[in-house]
Every structure is written in structure tokens, then in C-alpha cells.
Amino acid sequence: MKNQNVPIRTCIGCRSKFPQKTLIRFVCSTEKRLQIEELKKLPGRGAYLCKSKECIEKAFKEPKRINTLLHIQLSSSVINEFKQAILDKEVIADG
Ligand SMILES: [Zn+2]
């Protein structure tokens, strides 16, 4: 049996497709702040990521890509800080 109703999204790190609920969604809010979406839906342009260090590192390797993707212009230090926040929050450290 196939469930046709599962929304599928693309991870911006590995560019593979996964069910939306297994991915991390982050958005750029109207105040131009990057935020991880948790239980509540957040408005704004968003992107999806696997809960994997590799994908997160890859996605944020070029801050320009994040800016292009979300139609924003944040400095690399702001973007790197946000990357660290995602890593701290979503990825279980190896010890
Ligand atoms: Zn991925």
C-alpha cells in the first residue's frame, strides 16, 4: 500500500527527496531572521534539510547558496551561526 498523501521535500544538502516530516525545515522570517521550524508552522520562505551533520555542513558551506535559496542577503557569520544552532539542536553529537 502506498500513501500518496505524504508530502515529499528535497534536502538542500544531499538533494535527495524525503517525506517532509523527517526533515528539518528552516525559514527566513519577515524580520530577516533565520529560524528552525518546530511544531508550529512558520511563515516565510523555507528550505529543508536532513537531520544529518553531513547535509547541514554541505548546505551551509556556501552561505551565498542559502541567500539565493531564501532570497535574503545575510552575512556569512550570521549564516554560520545559524548552521551551528541547527547542528546543536538537531544532530546528536558523537560523544
Ligand atoms: Zn540530505
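Report the residue count in the range 45-71 for those that are away from the ligand (no atom under 12 Å from the Cβ) and among the charged types (D, E, K, R).
Residues meeting the conditions: 5.
If I go through the range 30-44 residue by residue, how many of them are surrounded by 13 or more Cβ atoms within 10 Å (Cβ to Cβ) and more than 16 Å from the ligand (Cβ to nearest atom)? Show your work before the answer.
From the range 30-44, those surrounded by 13 or more Cβ atoms within 10 Å (Cβ to Cβ) are 33-37, 42, 44; that's our starting set.
Checking which are more than 16 Å from the ligand (Cβ to nearest atom) leaves us with 33-35, 37, 42, 44.
Residues that pass the stated criteria total 6.
Please tell me if GLY44 is under 18 Å from ASN67 (Cβ atoms), of a type outside the set (A, V, I, L, M) and in contact with a Ser or Thr (Cβ under 6 Å, 6 or more places away or on another chain). Steps first, answer last, please.
On the way: under 18 Å from ASN67 (Cβ atoms): yes; of a type outside the set (A, V, I, L, M): yes; in contact with a Ser or Thr (Cβ under 6 Å, 6 or more places away or on another chain): yes.
Here the answer is yes, as GLY44 does meet what is asked.
Could you please give the count of residues in the range 11-54 that are among the hydrophobic types (A, V, I, L, M, F, W, C) and over 11 Å from the mean Cα position of the chain (by Cα)? Before you say what the answer is, go through the steps one by one.
Filtering the range 11-54 down to residues among the hydrophobic types (A, V, I, L, M, F, W, C) leaves 11-12, 14, 18, 23-24, 26-28, 34, 36, 39, 42, 47, 49-50.
With over 11 Å from the mean Cα position of the chain (by Cα) added as a condition, the list becomes 14, 18, 39, 42.
Looking only at that region, the number is 4.
Within 21 Å of LYS17 (Cα to Cα) and in contact with a Cys (Cβ under 9 Å, 6 or more places away or on another chain) - does that describe any residue in the range 70-84?
yes
Among the residues that make up the range 6-29, is at least one of them assigned to a helix (DSSP H, G or I), of a type in the set (Lys, Arg) and within 16 Å of the ligand (Cβ to nearest atom)?
Yes: the range 6-29 contains one or more residues that are assigned to a helix (DSSP H, G or I), of a type in the set (Lys, Arg) and within 16 Å of the ligand (Cβ to nearest atom).
What pairs can you find where one residue is in the range 80-95 and under 15 Å from GLY13 (Cα atoms) and modelled with pLDDT under 95, the other is outside any loop (DSSP other than H, G, I, E, B) and charged (D, E, K, R), and their Cβ atoms are less than 6 Å apart, with a gap of 6+ or different chains?
VAL91/LYS53
Condition first: in a loop (DSSP other than H, G, I, E, B), within 15 Å of GLU90 (Cα to Cα), at pLDDT 95 or above and not polar (S, T, N, Q). Can you find one or more residues in the range 30-49 that meet it? Explain how you work it out, then say what you get.
Step one: of the range 30-49, the residues in a loop (DSSP other than H, G, I, E, B) are 30-33, 38-44.
With within 15 Å of GLU90 (Cα to Cα) added as a condition, the list becomes 38-39.
Those left that are additionally at pLDDT 95 or above: none.
No, the range 30-49 has no match at all.
Out of curiosity, is LEU74 more than 13 Å from the ligand (Cβ to nearest atom) and either free of Cβ contacts under 8 Å to residues at least 12 places away in the same chain or surrounded by fewer than 17 Cβ atoms within 10 Å (Cβ to Cβ) (or both)? Outline the logic, then answer.
On the way: more than 13 Å from the ligand (Cβ to nearest atom): yes; either free of Cβ contacts under 8 Å to residues at least 12 places away in the same chain or surrounded by fewer than 17 Cβ atoms within 10 Å (Cβ to Cβ) (or both): no.
When the stated conditions are applied, LEU74 does not pass them.
Here is a yes/no grid of residues against (1) surrounded by 10 or more Cβ atoms within 10 Å (Cβ to Cβ); (2) β-branched (Val, Ile, Thr):
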site: PRO7; (1), (2): no, no
site: CYS14; (1), (2): yes, no
site: GLN20; (1), (2): yes, no
site: VAL27; (1), (2): yes, yes
site: TYR48; (1), (2): yes, no
site: SER52; (1), (2): yes, no
site: GLU57; (1), (2): yes, no
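The values are calculated or read from the model by the stated rules, or taken from the named source; none is laboratory data. Since the model is a prediction, treat every value here as computed from it, not as a measurement. Reconstructed Cβ throughout: ideal geometry from the backbone, glycine too, with neighbour counts over all protein chains shown.
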